[in-house]
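Below is one structure, written out as structure tokens, with a few remarks after it.
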Amino acid sequence: MTLFDGYRPHSSFLYGTSERALHAKGATVTLPGRGPEAPARAAAVLRALGGDAIVVGAIPFADDEPARLVVPEHYRWGPPITGAAVPRVGATVRAEPTEEHYLSAVHKALSMMDGGGLAKTVLARSLVLRPNRPVDLPALLRGLAGRDPRGHTFAVPLPRRRVLAGASPELLVRRRGRVVTAHPLAGSRPRTGDGRDTAAVAELRASDKDHREHAHVVDAITAALAPYCSRLRVPEPEVTGTAAMWHLGTLITGELADPGTTALELACALHPTPAVCGTPTGAAREAITALEGFHRGFYAGMVGWTDAAGDGEWAVAIRCAEFAEGEIRLFAGAGIVPGSHPDRELAETTAKFTTLLAGLGLEDGDVRRVHHVA
Ligand SMILES: C=C(O[C@H]1C=CC=C(C(=O)O)[C@@H]1O)C(=O)O
């Protein structure tokens with residue numbers, strides 16, 4: 001039996017890492033409520049069910065929208081998702097909103113920072129693809145995991161027969177016994193896979209702008225985890241790579257003070273980090289709402305699982321797309337701080353789309369052309 005046996009896009013939850021992969025199916029309990037209410041509800045349900053019960057699903061970016069969390073009917077763990085199967089769809093691609101809209105949003109965000117009230121915000125954009133045939137999601141996940149074996153590869157059923165699928169490089173938080181791990185990423189360069197990569201990595205390491213962008217995330221995560229941890233280790237950032245990007249990343253580890261704190265509680269205490277929102281959180285959210293021009297939904301939220309012992313893992317829902325009948329909406333964002341250049345942020349989001357576009361089997365030429373399609 002393979003992990004994908006019995007996969008049903010609208011009732012199966014898949015989550016794979018370099019260690020193992022989870023396929024959960026159906027729902028014996030659907031947890032009602034919004035993201036911030038999730039930890040208490042999930043803890044109560046898991047306490048009542050006990051044993052080997054788990055909660056799986058996704059929490060959207062916005063605090064006031066419903067989460068999609070269930071206790072599945074069945075689940076099984078398997079070996080990591082591997083292989084390079086790629087669905088190879090043909091598709092028309094449209095930037096929505098347009099690239100001009102994005103450039104203007106970045107300009108406006110930078111002028112909001114002049115007053116000093118806003119230190120960082122993360123502005124995203126989206127591409128709408130119309131595929132010429134339905135996408136084979138297991139093949140997509142194999143392709144994504146094949147390109148990024150250390151990613152968090154996922155597919156989550158959403159309301160209205162949609163599926164959120166992608167390969168996030170960013171671990172929001174993992175709890176395993178008393179050990180807490182977070183791996184925030186912020187500060188990026190495209191990875192070209194040729195001679196230019198050495199210079200890109202050196203530039204990222206030396207960039208004051210990218211280190212400032214990254215420090216906002218590390219500071220927020222350190223402050224949010226501190227009340228839960230008896231020890232916290234925050235090393236210097238290092239450059240980490242996906243197939244498409246280079247990022248500054250900091251591997252934060254801690255020891256949980258109270259073993260009753262669940263992985264989901266930690267994840268909700270961290271969300272939204274300045275890797276997807278900004279600093280201060282309220283002003284950054286307002287800038288996103290005012291400037292972005294589309295609804296994030298579950299993009300930039302979180303995806304993962306928590307078990308009855310409180311262990312679990314939640315990834316930041318980035319490098320992903322929402323799959324609906326006849327339409328795929330891809331998302332990619334970039335952190336904006338004083339010193340950001342609109343053109344560079346546009347190019348960075350274009351490079352971040354490559355994860356999903358390559359996973360869909362769109363050829364290099366198509367991927368490059370995307371930049372010019374308005
Ligand atoms: C918001 C995204 O990336 C975040 C994670 C890594 C690097 C980021 C950056 O450099 O801007 C972003 O904070 C995204 O991919 O949509």
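See the values below:
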quantity: Dipole magnitude (debye, nearest 20) for segment 62-196, charges at Cβ of Lys, Arg, Asp, Glu; calculated: 560 debye
quantity: Relative contact order computed over segment 24-139 (Cα-Cα under 8 Å; 6+ residues apart), in percent; calculated: 27 percent
quantity: Cα gyration tensor shape for segment 115-272, rounded if a/c is under 1.5, else prolate or oblate; calculated: oblate
quantity: Net charge of Cβ neighbours under 9 Å - reference residue 328; Lys, Arg +1; Asp, Glu -1; calculated: 0
quantity: Charge-dipole axis of the chain as Lys and Arg at +1 and Asp and Glu at -1 on Cβ define it, positive-most pick from 118, 253, 217; calculated: 253
quantity: Per residue, the convex hull volume that the Cα atoms of segment 21-86 enclose (Å³); calculated: 111 Å³
quantity: Semi-axes of the equivalent ellipsoid for segment 300-365, Cα gyration tensor, largest first, Å; calculated: 27, 20, 10
quantity: Residue among 193, 141, 168 farthest towards the positive dipole end of the chain, charges placed on Cβ; calculated: 141
quantity: Unit charges at the beta carbon, dipole of segment 289-332: most positive-side option, 295, 310, 321; calculated: 295
quantity: From phi via Karplus (6.51, -1.76, 1.60), per-residue ³J(HN,Hα) for segment 347-357 in Hz, x at Gly/Pro; calculated: 5, 5, 5, 4, 5, 5, 5, 4, 3, 6, 4
quantity: Charged-residue dipole, Cβ positions (Lys, Arg, Asp, Glu), the chain about Cα centre, Debye nearest 20; calculated: 640 debye
quantity: Local net charge near residue 197, Cβ-Cβ under 11 Å (Lys/Arg +1, Asp/Glu -1); calculated: +1
quantity: Nonlocal Lys pairs with alpha-carbon distance under 27 Å, the chain (8 or more apart, or different chains); calculated: 6
quantity: For segment 50-103, size of Cβ-based charge dipole, Lys and Arg +1, Asp and Glu -1, in debye; calculated: 440 debye
quantity: Centre separation in Å (Cα based) which lies between segment 264-297 and segment 82-115; calculated: 17 Å
quantity: Highest-first arrangement of 79-90, 296-307, 37-48, where packing means the average Cβ count within 10 Å; calculated: 296-307, 37-48, 79-90
quantity: Value of [θ]222 nm, deg cm²/dmol, for the chain, DSSP H segments ≥ 4, -39500 (n - 2.57) each, nearest 500; calculated: -9500 deg cm²/dmol
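Bear in mind these aren't lab numbers, they're just calculated from the coordinates by the rules spelled out. Everything quoted here is computed from the prediction, not taken from an experiment. A quick note on method: Cβ atoms are made from the backbone with ideal geometry, for glycine too, and the neighbour counts reach across all protein chains shown.
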